[in-house]
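A.B. asks: Before I ask anything, here is the structure I am working with.
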Amino acid sequence: IVTTTKNAVLTWTANGETDIAGYKVYRATSTGAYGAPIATLGKTTNYTVTNLSTNTTYFFVITAYDSAGNESDYSNEVSKSIY
(Lines give C-alpha, C1' and ligand atoms only; values in the text may rest on other atoms or scores of the structure.)
Protein backbone atom coordinates (compact mmCIF):
# COMPACT_ATOMS: atom_id res chain seq x y z
CA ILE A 1 0.00 0.00 0.00
CA VAL A 2 1.36 3.37 -1.00
CA THR A 3 -0.18 6.43 0.63
CA THR A 4 0.55 9.71 -1.09
CA THR A 5 -0.20 12.97 0.65
CA LYS A 6 -0.14 16.51 -0.65
CA ASN A 7 -0.27 20.05 0.64
CA ALA A 8 -2.38 23.15 -0.04
CA VAL A 9 -0.91 26.61 0.46
CA LEU A 10 -3.52 29.21 1.46
CA THR A 11 -2.87 32.96 1.34
CA TRP A 12 -5.29 35.82 1.95
CA THR A 13 -5.45 39.59 2.31
CA ALA A 14 -5.19 40.92 5.85
CA ASN A 15 -8.34 42.26 7.48
CA GLY A 16 -7.98 46.03 7.87
CA GLU A 17 -9.67 46.36 11.27
CA THR A 18 -7.34 47.57 14.02
CA ASP A 19 -8.36 45.04 16.69
CA ILE A 20 -7.81 41.87 14.62
CA ALA A 21 -5.99 39.26 16.71
CA GLY A 22 -5.67 36.59 14.04
CA TYR A 23 -7.30 34.13 11.69
CA LYS A 24 -8.87 30.67 11.77
CA VAL A 25 -8.61 28.15 8.95
CA TYR A 26 -11.42 25.68 8.24
CA ARG A 27 -11.34 22.60 5.98
CA ALA A 28 -14.07 20.30 4.70
CA THR A 29 -14.48 17.59 2.09
CA SER A 30 -17.87 18.88 0.97
CA THR A 31 -18.83 22.46 0.31
CA GLY A 32 -20.03 24.37 3.36
CA ALA A 33 -19.60 21.43 5.76
CA TYR A 34 -17.15 23.05 8.17
CA GLY A 35 -16.64 21.91 11.73
CA ALA A 36 -14.00 23.15 14.15
CA PRO A 37 -11.06 25.13 12.74
CA ILE A 38 -7.98 23.14 11.75
CA ALA A 39 -5.72 26.06 12.73
CA THR A 40 -5.92 29.19 14.83
CA LEU A 41 -3.26 31.65 13.78
CA GLY A 42 -1.94 35.04 14.78
CA LYS A 43 -1.78 37.86 12.25
CA THR A 44 -0.08 35.78 9.55
CA THR A 45 -1.85 35.75 6.18
CA ASN A 46 -0.80 32.34 4.94
CA TYR A 47 -1.02 28.74 6.05
CA THR A 48 0.08 25.42 4.57
CA VAL A 49 -2.35 22.55 5.04
CA THR A 50 -0.37 19.31 5.04
CA ASN A 51 -1.10 15.61 4.73
CA LEU A 52 -4.06 15.91 2.36
CA SER A 53 -5.19 12.60 0.91
CA THR A 54 -5.15 11.88 -2.79
CA ASN A 55 -8.36 11.52 -4.80
CA THR A 56 -10.12 14.04 -2.55
CA THR A 57 -11.41 17.58 -3.07
CA TYR A 58 -10.96 19.88 -0.09
CA PHE A 59 -12.80 23.12 0.61
CA PHE A 60 -11.30 25.92 2.69
CA VAL A 61 -12.49 29.14 4.31
CA ILE A 62 -10.82 31.66 6.61
CA THR A 63 -12.29 33.78 9.39
CA ALA A 64 -10.80 36.70 11.27
CA TYR A 65 -11.16 37.07 15.03
CA ASP A 66 -10.58 40.08 17.25
CA SER A 67 -9.05 40.54 20.68
CA ALA A 68 -12.50 40.09 22.30
CA GLY A 69 -12.94 36.69 20.59
CA ASN A 70 -15.54 37.84 18.05
CA GLU A 71 -15.25 35.90 14.80
CA SER A 72 -16.11 37.11 11.30
CA ASP A 73 -18.25 35.31 8.77
CA TYR A 74 -16.50 32.79 6.52
CA SER A 75 -14.42 34.11 3.66
CA ASN A 76 -15.21 33.08 0.11
CA GLU A 77 -14.75 29.35 -0.22
CA VAL A 78 -11.86 27.94 -2.24
CA SER A 79 -11.26 24.34 -3.19
CA LYS A 80 -8.36 22.14 -4.16
CA SER A 81 -8.50 18.65 -5.61
CA ILE A 82 -5.64 16.33 -4.76
CA TYR A 83 -4.74 13.65 -7.33
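A.B. asks: What accessible surface, in Å², does a 1.4 Å probe find on Thr31, ignoring ligands, DNA and RNA and rounding to the nearest 10?
C.D. replies: Counting only protein heavy atoms, the figure is 90 Å².
A.B. asks: Using a 1.4 angstrom probe, figure out how much accessible area segment 25-82 has per residue, in square angstrom, rounded to the nearest whole.
C.D. replies: Using a 1.4 Å probe on heavy atoms only, each residue of segment 25-82 averages 56 Å².
A.B. asks: Once the piece of chain linking Ala14 and Asp73 is laid out straight, how much longer is it, given 0.36 nm per residue of separation minus the C-alpha distance between them?
C.D. replies: Details: separation 59, 0.36 × 59 = 21.24 nm, distance 1.45 nm.
Gain on extension, Ala14 to Asp73, equals 19.8 nm.
A.B. asks: Over segment 35-83, with every protein chain in place, what whole percent of the accessible area is carbon and sulfur at 1.4 Å, could you tell me?
C.D. replies: It is 43 percent, rounded to a whole number.
The values are calculated or read from the model by the stated rules, or taken from the named source; none is laboratory data. In this text the structure is predicted, and so the values were computed from the model without any measurement. These area figures cover heavy atoms from the full protein model, side chains too; ligands, DNA and RNA do not enter into them. Shrake-Rupley method; radii C 1.70, N 1.55, O 1.52, S 1.80 Å.
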